[in-house]
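Participant: Input: one structure, supplied below.
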């Protein structure tokens with residue numbers, strides 16, 4: 001019995017020292033992207049009571065160097081999904097303006113990437129989805145990928161900052 005316990009402890013110790021196979025951020029986020037594709041990360045931040053939103057985007061070259069970042073705010077946006085779709089549309093437009101021919105778009109909005117990849121429809125954003133599809137058809141290739149929020153933190157920070165900067169201090173009524 002003692003020998004079995006000793007072997008079990010030895011095995012557990014050996015497991016602790018084994019190196020785990022890890023993937024770099026590029027492996028996780030670009031595994032389905034073309035190797036020559038520019039990477040486009042977009043995100044939105046939305047405030048329910050005011051229906052204001054901030055959008056942010058980052059475009060990286062295939063070597064992962066940031067070539068452009070941007071953000072803006074918008075009033076009267078009806079939902080988070082609309083805000084996320086606006087963010088993607090603005091990001092794709094920015095990539096087109098840069099002359100990018102291959103684009104891999106990353107969003108932490110699973111519903112949006114699923115709609116785009118399945119050619120789905122959602123009444124609230126049908127017009128925006130059509131715009132995104134039309135813009136994406138200009139590229140040699142344009143793909144849409146869902147990423148966890150933890151891999152979209154830069155675009156998220158830009159979107160939150162844009163939303164925060166759009167706030168106008170309210171003056172109490174007398």
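The values are calculated or read from the model by the stated rules, or taken from the named source; none is laboratory data. As the structure is a computational prediction, the values presented were derived from the model and not from experiment. Reconstructed Cβ throughout: ideal geometry from the backbone, glycine too, with neighbour counts over all protein chains shown.
Participant: Which ones in the range 106-132 are touching a helix residue (DSSP H, G or I) at 6+ places or on another chain (Cβ under 7 Å) and assigned to a helix (DSSP H, G or I)?
Facilitator: Within the range 106-132, 111, 112, 115, 116, 124, 125, 128, 129, 131, 132 meet the criteria.
Participant: Okay, next question. Could you figure out which of (1) at pLDDT 95 or above; (2) in contact with a helix residue (DSSP H, G or I) (Cβ under 7 Å, 6 or more places away or on another chain); (3) crowded, with 18+ Cβ neighbours inside 10 Å isn't true of residue 73?
Facilitator: The number of the failed condition is (1).
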